[in-house]
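**Student:** Supplied in structure tokens, the structure appears directly below.
Derivation of every value follows stated rules applied to the coordinates shown; laboratory data play no part. Values in this document were obtained by computation on a predicted structure and should not be read as measured data. Glycine gets a Cβ as well: all are built from the backbone with ideal geometry, and neighbour counts include every protein chain shown.
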Amino acid sequence: MSDNAKEKPAETVQVEIRNLWKVFGRDPKKIVNGPLKDKSKEEIKKKTGCVVAMRNINLDIRKGEFYILMGLSGSGKSTLIRNLIRLVNPTSGSVTINGENVTKMSSEDLLQFRRKTFGMVFQHYGLLPHMTVLDNAAYGLKVRGLPKGERFAKAMRSLETVGLKGWEDSYPGALSGGMQQRVGLARALANDPEILLMDEPFSGLDPLIRRQMQDELVELQDRLQKTIIFVTHDLHEALKLGDRIAIMRNGEVVQVGSPEEIVTQPADEYVEEFVKDASPAKVLTAGSIMEDAKVLLYNWEGPKTALTLLRSHKRKAAFVVDKGHKLLGVIKESTLEKLIEADEKPSILPSDSIRKVSTVNEDTILEDLFSIVNENPYPIPVLRGDGRLAGVVTTDQIFESISPAEGENHD
Ligand SMILES: Nc1ncnc2c1ncn2[C@@H]1O[C@H](COP(=O)(O)OP(=O)(O)OP(=O)(O)O)[C@@H](O)[C@H]1O
Ligand SMILES: [Mg+2]
């Protein structure tokens, strides 16, 4: 893993998918275990009438990860998400969640496991129209047999989380699409599940509301840190929300990667077609393009050393860090000259001679660097989570990395 990868807590695999197949039709096991197994989806359909919805899927989804399943219509996304909790039973292979083999669970254990571990949000909100918003949000808890007081308290908290406080006594019909989807989300969250399954939850919404819901989900996930498995057709939604994206085609996974990897290194033409409209400025991060600062001054070394260093690199200014490598700001050659000429020569670089500068984090996307580039003449310092200087980004680097790749034969 590279130095600039996001620092995340220990990466525990929570959902382990192994050799998972789903074939719809008569005698599906015969296909998975027989010679037709390696034939194309079309050929199998023609010869047997069976539909291969998932072919030999292997994925590891980590705890706390926002995991996207993306692919064209019919590529198997919904089938995969449903197989995880056996709303559809796989033809072969295994799904292990929190170390438990879901594929082998008895139906009674499975029911318990689903209710305890999962929350589900689907495209059609699935709200019960004759029940109030509160009753809808509390529905899953009622099914679990929680006493009234407790389930209403939990459902209220969950409605608050999604910004629907005050609407608890309304009926779904009185709510907009976005609000109804929030009730769906509140219902899924009421039980405080470890894993959220979301199958195109926002695709029925107007673009503006959809973006707003995405923003809210990002913010919610920041606080809640659930494992989210999220299906979408929409590349921009995937890039905005996902920590990792799995791209499916004809029931197979063709690529798994971070948004940045998917956009910058598409595995084949199918993925390329998917990402061709993606703007690198929206996925590349400061951490991924930064370089080491060429000249770095240490505040305890004093003006003379600093000036010598600046001049030897023919620089007019440079960044200053303290002993902990924390960035203090920038100091100019002319300031150093004045300090040296002053009657009282300071032995360290005085803090009032160091100018504060705008900084960014390693995760900041390039698009958010543009305004800083415009307002300041220096490279942009990139800080680690603890405030230490990780590197710098120059205007040239930014524009180089977002301009389309040139052909092989450009010179
Ligand atoms: N119950 C079923 N019986 C037969 N074939 C099915 C069934 N459910 C899904 N399929 C087939 O399995 C394949 C995958 O379908 P799935 O619904 O998983 O795709 P998807 O990626 O979710 O598509 P969409 O983006 O349109 O929702 C398709 O070819 C579909 O026709
Ligand atoms: Mg689907």
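**Student:** How far is the Cα center of segment 348-395 from the Cα center of segment 247-312, in Å?
**Tutor:** If we compute the Cα centre of each part, the gap is 16 Å.
**Student:** Oh, and also: At most 13 other C-beta atoms within 10 Å and a DSSP loop state: those are the exposed GluC sites (Glu not before Pro) I care about. Give me the longest piece of the chain that has none.
**Tutor:** 12-343
**Student:** Need one number: nm distance between label points at Lys165 and Lys314, each 7 Å from Cα along Cα→Cβ, rounded to one decimal.
**Tutor:** Placing both labels 7 Å beyond Cα along the Cβ direction yields 6.2 nm.
**Student:** Could you work out the per residue convex hull volume over the alpha carbons of segment 1-130, in cubic angstrom?
**Tutor:** On the way: hull volume 23.9 nm³, N = 130.
Each residue corresponds to 184 Å³ of Cα convex hull volume.
**Student:** Suppose each label sits 7 Å from its Cα in the direction of the beta carbon; what would the Lys323-Arg26 distance come out to in nanometres?
**Tutor:** Modelled inter-label distance: 8.2 nm.
**Student:** Starting from the Cα of Lys39, draw a straight line to each of the lysines and keep only those under 27 Å, dropping any in the same chain fewer than 8 residues away.
**Tutor:** Reachable lysines: Lys22, Lys29, Lys30, Lys47, Lys77.
**Student:** Hey, what do the phi angles of segment 223-239 turn into as Karplus ³J(HN,Hα) couplings, whole Hz, using 6.51/-1.76/1.60 and θ = phi - 60°, x for Gly and Pro?
**Tutor:** Rounded to whole hertz, the list is 7, 8, 6, 7, 8, 10, 10, 10, 9, 8, 8, 9, 4, 5, 5, 4, 5.
**Student:** Mind checking which of Val253, Val330, Val133 has the largest fluctuation in a GNM of the chain, springs on alpha carbons under 10 Å?
**Tutor:** Comparing Val253, Val330, Val133 in a Gaussian network model of the chain, the most mobile one is Val330.
**Student:** If you don't mind, another one. What percent antiparallel are the DSSP beta bridges of segment 287-401, to the nearest 5? Intermediate results must be reported in sequence, preceding the final value.
**Tutor:** Details: 12 of 17 bridges.
Approximately 70 percent, going by the DSSP bridge assignments.
**Student:** In the Gaussian network model of the chain, springs joining C-alpha atoms below 10 Å, which of Leu220, Leu20, Leu239 carries the largest mean-square fluctuation?
**Tutor:** Leu220
**Student:** Counting other beta carbons within 10 Å of each Cβ, put Ser351, Ser73, Ser78, Ser158 in order, fewest first. Could the numbers behind the result be given before it?
**Tutor:** Working: Ser351 12, Ser73 7, Ser78 19, Ser158 24.
By the 10 Å Cβ count, ascending, the order reads Ser73, Ser351, Ser78, Ser158.
**Student:** Here's another thing I want to ask about it. Can you list the HN-Hα couplings for segment 104-119, worked out from phi with the Karplus curve (6.51, -1.76, 1.60; θ = phi - 60°), rounded to whole Hz and with x for Gly and Pro?
**Tutor:** Per-residue couplings from phi come out as 9, 5, 5, 5, 5, 4, 4, 4, 4, 4, 4, 5, 7, 9, 10, x Hz.
**Student:** Among Arg244, Arg182, Arg26, whose mean-square fluctuation peaks in a Gaussian network model of the chain (Cα, cutoff 10 Å)?
**Tutor:** Answer for the Gaussian network model of the chain: Arg26.
**Student:** Continuing with the same structure: Can you tell me what share of the DSSP beta bridges in the chain is antiparallel? A percent to the nearest 5 is fine.
**Tutor:** On the way: 33 of 58 bridges.
Of those bridges, close to 55 percent are antiparallel.
**Student:** Oh, and also: Cα centroid distance between segment 122-175 and segment 44-91, in Å?
**Tutor:** The distance from the Cα centre of segment 122-175 to that of segment 44-91 comes to 30 Å.
**Student:** Further question on the same structure: Run the reach check for Lys116 against lysines, Cα to Cα strictly under 22 Å, same-chain hits fewer than 8 apart removed. What comes back?
**Tutor:** Qualifying lysines at Cα under 22 Å: Lys63, Lys104, Lys142, Lys148, Lys154, Lys226.
**Student:** On a straight-distance basis, which lysines could pair with Lys323 in a cross-link, Cα separation under 27 angstrom, same-chain partners fewer than 8 positions away excluded?
**Tutor:** Lys6, Lys8, Lys294, Lys304, Lys314, Lys332, Lys338, Lys345, Lys356
**Student:** Within 10 Å of each residue's Cβ, count the other Cβ atoms and sort Trp300, Trp21 from fewest upward.
**Tutor:** Details: Trp300 12, Trp21 22.
By the 10 Å Cβ count, ascending: Trp300, Trp21.
**Student:** Give me the compactness ratio for the chain, meaning the Cα radius of gyration over 2.2 N^0.38 Å. Write out the running numbers ahead of the final one.
**Tutor:** On the way: Rg = 27.0 Å, N = 411, 2.2 N^0.38 = 21.7 Å.
So the Cα radius of gyration is 1.25 times the expected 2.2 N^0.38 Å.
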